[in-house]
Amino acid sequence: MELPKKIFYKTQAEEIIKKLAMRNMNGYYCESADEAKKLVMDMIAEGASVAWGGSETIKETGIIDAVKAKDSIKVIAREEYVTDEQKRTLKGLIATCDYFLMSSNAITLDGELVNIDGAGSRLSYLIYGPEKVIIVAGMNKIAADVKEALSRVRNIASPPNAIRLGCNTPCAKTGKCMDCLSEDCICCQVVVTRKSRLSDRIHVILVGEELGY
Ligand code: SF4
């Protein structure tokens, strides 16, 4: 990446981190995905239980592989819970886990987290449950304000996500949000996290690279 862009990302991130602090969320800046992966692994305590929500970013950064490879971590991997009974058990395990990993669909310059979800199997755990939530987001996710963030989420992030998930939504076919109410809608929940009521719970790692959608 060119030096001016690197400096821009770092400068912008430093300002957002100050805004996150005002919202009782801890912010960090890493120049690269590798640096972010190391930070996440350093944050996770020995013997902790770890779950994660669907995210291209945490896959791309190698964080999921690193978590799975560390013997001392109790991994809660959704794909291992297949039957209805197991899936019900899984909900309880994630809600009471030590660390929940995810990205954010967008983050505003003022430090708000803006996210959408279909069933809510990611955002429910951001809002309540896991002891700590670690969010990893590339600087491509930054938007000026909530309005721009929602536009980004619906027109930039959702179409490729809908395609990736094989959802039969208008955005997957046209590349833009049609404000649908379709059966496969991935925007059933639209959540703006303005503040964390609990201190030291939500940790936001901004990465000076383009990651995820
Ligand atoms: S509301 Fe429907 S069309 Fe719009 S982004 Fe969400 S899933 Fe796609």
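The values are calculated or read from the model by the stated rules, or taken from the named source; none is laboratory data. For clarity, every value in this text was computed on a predicted model and none was experimentally measured. Glycine also receives a Cβ, built like all others from the backbone with ideal geometry; neighbour counts cover every protein chain displayed.
On inspection, Gln12 passes the criterion of being touching a residue at least 40 places away in the same chain (Cβ under 8 Å), farther than 25 Å from Pro160 by Cα and of a type in the set (S, T, N, Q). Looking only at residues in region 103-146 that are more than 23 Å from Lys176 (Cβ to Cβ) and hydroxyl-bearing (Ser, Thr, Tyr), which one is nearest to the ligand (Cβ to nearest atom)? My answer is Ser121.
Sort through Ala157, Ala143 and tell me the only one that's at pLDDT below 95, hydrophobic (A, V, I, L, M, F, W, C) and within 28 Å of Glu31 (Cα to Cα). Give the derivation first.
Values: Ala143 fails: at pLDDT below 95.
Answer to the check: Ala157.
If you filter region 1-44 down to residues that are crowded, with 20+ Cβ neighbours inside 10 Å and in a loop (DSSP other than H, G, I, E, B), you find that the one that is farthest from the chain's Cα centre (by Cα) is Ile44. Of the residues Leu101, Leu109, the single one that is within 24 Å of Glu210 (Cα to Cα), in contact (Cβ under 8 Å) with a residue 12 or more places away in the chain and surrounded by fewer than 16 Cβ atoms within 10 Å (Cβ to Cβ) is Leu109.
Only one of the listed residues (Ala48, Ala77) is exposed (fewer than 14 other Cβ atoms within 10 Å of the Cβ), small (Gly, Ala, Ser) and within 29 Å of Leu165 (Cβ to Cβ). That residue is Ala77.
Condition check ((1) of a type in the set (A, V, I, L, M, F, W, C); (2) near the ligand (Cβ under 9 Å from one of its atoms); (3) touching a Pro at 6+ places or on another chain (Cβ under 7 Å); (4) in a helix (DSSP H, G or I)) across all residues:
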position: Glu148; (1), (2), (3), (4): no, no, no, yes
position: Ser151; (1), (2), (3), (4): no, no, no, yes
position: Ser158; (1), (2), (3), (4): no, yes, no, yes
position: Ile163; (1), (2), (3), (4): yes, no, no, yes
position: Cys167; (1), (2), (3), (4): yes, yes, no, no
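Test Ile64 against the criterion of being surrounded by fewer than 20 Cβ atoms within 10 Å (Cβ to Cβ), on the phi < 0 side of the Ramachandran plot, in contact (Cβ under 8 Å) with a residue 12 or more places away in the chain and within 16 Å of the chain's Cα centre (by Cα), and give yes or no. Judged against the criteria, Ile64 is a match. Filtered by the rule that a residue be more than 27 Å from Thr169 (Cα to Cα) and part of a loop (DSSP other than H, G, I, E, B), region 98-111 gives Asp98, Leu109, Asp110, Gly111.
Considering region 80-97, and only residues there that are part of a helix (DSSP H, G or I) and among the aliphatic types (A, V, I, L, M), the residue that is surrounded by the most Cβ atoms within 10 Å (Cβ to Cβ) turns out to be Ile94. Being in contact (Cβ under 8 Å) with a residue 60 or more places away in the chain, within 15 Å of the ligand (Cβ to nearest atom) and within 17 Å of the chain's Cα centre (by Cα) holds for only one residue in Ile202, Ile186, and it is Ile186. Against the list (1) near the ligand (Cβ under 10 Å from one of its atoms); (2) farther than 25 Å from Val204 by Cα; (3) out of contact with any Lys or Arg (no Cβ under 9 Å at 6 or more places or on another chain); (4) outside any helix (DSSP H, G or I), the condition Lys173 fails is (4).
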